[in-house]
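**Q** Sharing a structure with you now.
The values are calculated or read from the model by the stated rules, or taken from the named source; none is laboratory data. The structure presented is a predicted model; accordingly, all values stated were derived computationally and were not measured. Note: ideal-geometry Cβ built from the backbone for every residue, glycine included; neighbour counts use all protein chains shown. Just so you know, the surface numbers come from the protein's heavy atoms only, side chains and all, with ligands and any DNA or RNA stripped out. Shrake-Rupley method; radii C 1.70, N 1.55, O 1.52, S 1.80 Å.
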Amino acid sequence: RGNDMIVPTSSIMPTASSGMSAGTGLAAMSMIQGISGAYSSYQQAKANKLVAESNRRIAEMKARDALKRGHETEARSRQSNRKVIGAQRAALAAQGIRVDFGSAADIQTETANIGELDALTIKNNALREAFGYTTQGQDASMQGRLAYQSGITQSMDTLLTGGIKAAGYYREFR
């Protein structure tokens, strides 16, 4: 028969070397996947840390702003209170009342006390607002550190898992 072709059995039947090549290939792919996944986890961890650090800085700016606004509002409140006391003194003096004695002095003292209480309330509210922002900043910083550590741990786990899979593929097809 002249048309029959003889096909070598090595092209049809897998040999030990072709199984080893498949195992090596699968092992290499598994390692590449592990490295890629680990790098991705690491990059995500770095990004999360940067976002958290940015949030911390923003919270610190808000805290400083709250203190500044509080200080300015407190100063305006005190100035306004002094104007009220001045107007009281002028009105009392216009009526011929001595402004430094008796009921006239009591009215001014009461106005000064109420004004001081208002100013201290403004200051306290500003401090509380700033404290809230400071706490937010500290929380963001902590979350960033935890996210970074978690990402590093995840990348290490991914590397180890990829290595274990690669060793398994290599051993299976050896």
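**Q** So which lysines pass the test for Lys62, namely a Cα distance under 21 Å, with those fewer than 8 places away in the same chain ruled out?
**A** Qualifying lysines at Cα under 21 Å: Lys49, Lys123.
**Q** In addition: Which value, to two decimals, describes the C-alpha radius of gyration of region 54-174 once divided by 2.2 N^0.38 Å?
**A** Working: Rg = 31.4 Å, N = 121, 2.2 N^0.38 = 13.6 Å.
In units of the globular-protein estimate, region 54-174 measures up at 2.30.
**Q** Also, quick follow-up: Convex hull volume of the Cα atoms in region 53-111, per residue, in Å³? Don't skip to the end; give the middle numbers.
**A** Details: hull volume 3.5 nm³, N = 59.
So the per-residue hull volume is 59 Å³.
**Q** Rank Gly132, Thr111, Phe101 by how far each Cα sits towards the positive end of the charge dipole of region 92-135 (+1 on Lys, Arg Cβ; -1 on Asp, Glu Cβ) and give me just the farthest.
**A** Selected residue: Gly132.
**Q** Next question, about the same structure. What FRET efficiency comes out for the pair Ser103/Ser80, r = Cβ-Cβ distance, R0 = 30 Å, nearest 0.05? Could the numbers behind the result be given before it?
**A** Values: r = 23 Å, r/R0 = 0.77.
Efficiency, rounded to the nearest 0.05: 0.85.
**Q** Ok, one more. Once fully extended, how much extra length lies between Arg128 and Ala47, figured as 0.36 nm per residue of separation less the alpha-carbon to alpha-carbon distance?
**A** Net length gain for the segment: 26.1 nm.
**Q** Using the Karplus curve 6.51 cos²θ - 1.76 cosθ + 1.60 with θ = phi - 60°, what ³J(HN,Hα) values do you get for each residue of region 140-147, in whole Hz, with x for Gly and Pro?
**A** After applying 6.51 cos²θ - 1.76 cosθ + 1.60, I find 4, 4, 5, 4, x, 5, 5, 5 Hz.
**Q** Per residue, how big is the convex hull around the C-alpha atoms of region 98-147? Give it to me in cubic angstrom, could you?
**A** Numbers: hull volume 2.1 nm³, N = 50.
Cα convex hull per residue, to the nearest whole number: 41 Å³.
**Q** Could you work out the local net charge near Asn113, counting Lys and Arg as +1, Asp and Glu as -1, over the other residues with Cβ closer than 13 Å to its Cβ? It would help to have the intermediate numbers written out before the result.
**A** On the way: positive: Arg78; negative: Asp106, Glu110, Glu116, Asp118.
Its environment carries a net charge of -3.
**Q** In region 68-82, whose amide N lies under 11 Å from the spot 7 Å out along Cα-to-Cβ of Thr111? List them in ranges.
**A** 81-82, by backbone N distance to the label point.
**Q** So what does Glu116 come to for accessible area, using a 1.4 Å probe and Å² rounded to 10?
**A** Spelled out: Glu116, probe radius 1.4 Å, area about 70 Å².
**Q** May I ask for the net charge around Leu50, where only other residues with Cβ less than 14 Å from the Cβ of Leu50 are counted and Lys, Arg are +1 while Asp, Glu are -1? Provide the component values of the computation, followed by the final result.
**A** Details: positive: Lys46, Lys49, Arg56, Arg57, Arg145; negative: Glu53.
With Lys, Arg at +1 and Asp, Glu at -1, the neighbours total +4.
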